[in-house]
Amino acid sequence: MSLAWFMRRLMLMAYTIIVVAMLVFVITQILPADAAQSLLGENATPEVLAALRAKLGLGDPAWLQYARWAGHVFTGDFGISMRTSQPVGPEMLAALSRSLLLAVSSILVTLAVAVPFGMVAALRQGRLADTGVSLIAYLGVSLPEFVTATLLALLLADTLHLLPATGYVSPLEDFGGGIRHLALPVLTVSVILIAHVMRMMRSETLDVLKSDYIRAARLKGLPERRVLFRHALRNALLPVITIIALDVGYLLGGIIVIEEIFAIPGIGRALMVAITTRDLPSIQAGALIMATTYAATNTLADMAYALLDPRIRYD
């Protein structure tokens, strides 16, 4: 991985974010909402509304409004929420931290479960372990997240009373309580991710085990454990990294459903509230932050891919 490639990836990510910012601004301008009316309420007089529109520059050309908004965003100022009258940036970043905690926890659980079980299924191809893993993976991809969430909540919260059904507690304030509140959402998200990754891990491991360099390593008399973990695992993980990076897109989209079901005040839930209340600054900030997170995750996945596979050379 060369410095030139690294710089090109960063520039591509920056270009993507700029294009997304332009699209977000254009789309929010099309929405049927009057920022001045939303801020002052229905009882505001026409004179007061006109004064506020002039103060906010709502009558300026669109390009000037975009340049002013982009300049503020570049300095970290996302504006004031029309709904809460509070700065949007801190609210959205706090919500993003809760969503990232849920997403990262789900990915760690997925890797801890799917990678070893996918390898075991490949090593036991056609046997009971392989059948069991394949059945679990099939069930995982077949169940929508709201069905999985309902079943887990009925079993672990309502019947066994092991976990709280809804709500969020910061692990920084109460570590035990935070983990208990996160458990059900993380399990729900992980079920689908585990199914995807486990199937991919099984398939890739089977292909790698049939490759020439694995046969050569065994003919040289290398211990089977070294063949599996030094040669097979590393190469089988490469497509898995791509799948996980693509699943981040699912996480950012599907996490809205999970946050609504379990009442987690994350970025998805905040964006939904902003859309339903026509809170334009919050919509712009939420959409831009989610797009930036997605672009950054894909860039990190590309870097990990290049680091894991020495055959890949980027000029």
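Conditions (1) surrounded by 14 or more Cβ atoms within 10 Å (Cβ to Cβ); (2) out of contact with any helix residue (DSSP H, G or I) (no Cβ under 8 Å at 6 or more places or on another chain); (3) without any contact (Cβ under 8 Å) to a residue 60 or more places away in the chain, marked per residue:
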{"residue": "R8", "(1), (2), (3)": "no, yes, yes"}
{"residue": "A14", "(1), (2), (3)": "no, yes, yes"}
{"residue": "G57", "(1), (2), (3)": "no, no, yes"}
{"residue": "W63", "(1), (2), (3)": "no, yes, yes"}
{"residue": "S105", "(1), (2), (3)": "yes, no, no"}
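Taking segment 70-84 as the range and being open to solvent by less than 80 Å² (accessible area, probe 1.4 Å), at pLDDT below 85 and out of contact with any Ser or Thr (no Cβ under 9 Å at 6 or more places or on another chain) as the test, only G76 passes. Looking at the structure I just gave you, is R230 of a type in the set (K, R), under 19 Å from F117 (Cα atoms) and in a helix (DSSP H, G or I)? The answer is yes for R230.
E91 satisfies every condition listed in (1) in contact (Cβ under 8 Å) with a residue 24 or more places away in the chain; (2) farther than 20 Å from A291 by Cβ; (3) open to solvent by 40 Å² or more (accessible area, probe 1.4 Å) except (2). Listed by first and then second residue, the pairs linking a residue in segment 122-140 that is without any contact (Cβ under 8 Å) to a residue 12 or more places away in the chain to a residue that is not β-branched (V, I, T), with Cβ atoms under 6 Å apart and 6 or more places separating them unless they lie on different chains, are R124/D130. Among the residues of segment 148-177, the ones that are assigned to a helix (DSSP H, G or I) and under 20 Å from the mean Cα position of the chain (by Cα) come to 2 in all.
Determine which member of the set I264, I258 is touching a Leu at 6+ places or on another chain (Cβ under 9 Å), open to solvent by less than 30 Å² (accessible area, probe 1.4 Å) and not in a helix (DSSP H, G or I).
Details: I258 fails: not in a helix (DSSP H, G or I).
Only one candidate passes the filter, namely I264.
When you look at R311, is it crowded, with 17+ Cβ neighbours inside 10 Å, outside any helix (DSSP H, G or I), charged (D, E, K, R) and at pLDDT below 80, yes or no? It would help to see each step written out before you state the result.
Values: crowded, with 17+ Cβ neighbours inside 10 Å: no; outside any helix (DSSP H, G or I): yes; charged (D, E, K, R): yes; at pLDDT below 80: yes.
In short, no.
Of all residue pairs spaced 6 or more apart or on separate chains, those with beta-carbon atoms under 8 Å, a first member in segment 205-216 that is within 20 Å of F117 (Cα to Cα) and a second member that is open to solvent by 90 Å² or more (accessible area, probe 1.4 Å) are L206/Q125. Candidates G140, G76: the one that is part of a helix (DSSP H, G or I) and touching a helix residue (DSSP H, G or I) at 6+ places or on another chain (Cβ under 8 Å) is G140. Scanning segment 164-178 for residues that are surrounded by 13 or more Cβ atoms within 10 Å (Cβ to Cβ) and of a type in the set (D, E) gives no hits.
The values are calculated or read from the model by the stated rules, or taken from the named source; none is laboratory data. It should be emphasised that the depicted structure is a prediction, and the values quoted were computed from it without experimental measurement. All Cβ positions, even for glycine, are placed from backbone atoms using ideal geometry, and neighbour counts span all protein chains on display. Ligands, DNA and RNA are excluded from the accessible area calculation, which covers all protein heavy atoms including side chains. Shrake-Rupley method; radii C 1.70, N 1.55, O 1.52, S 1.80 Å.
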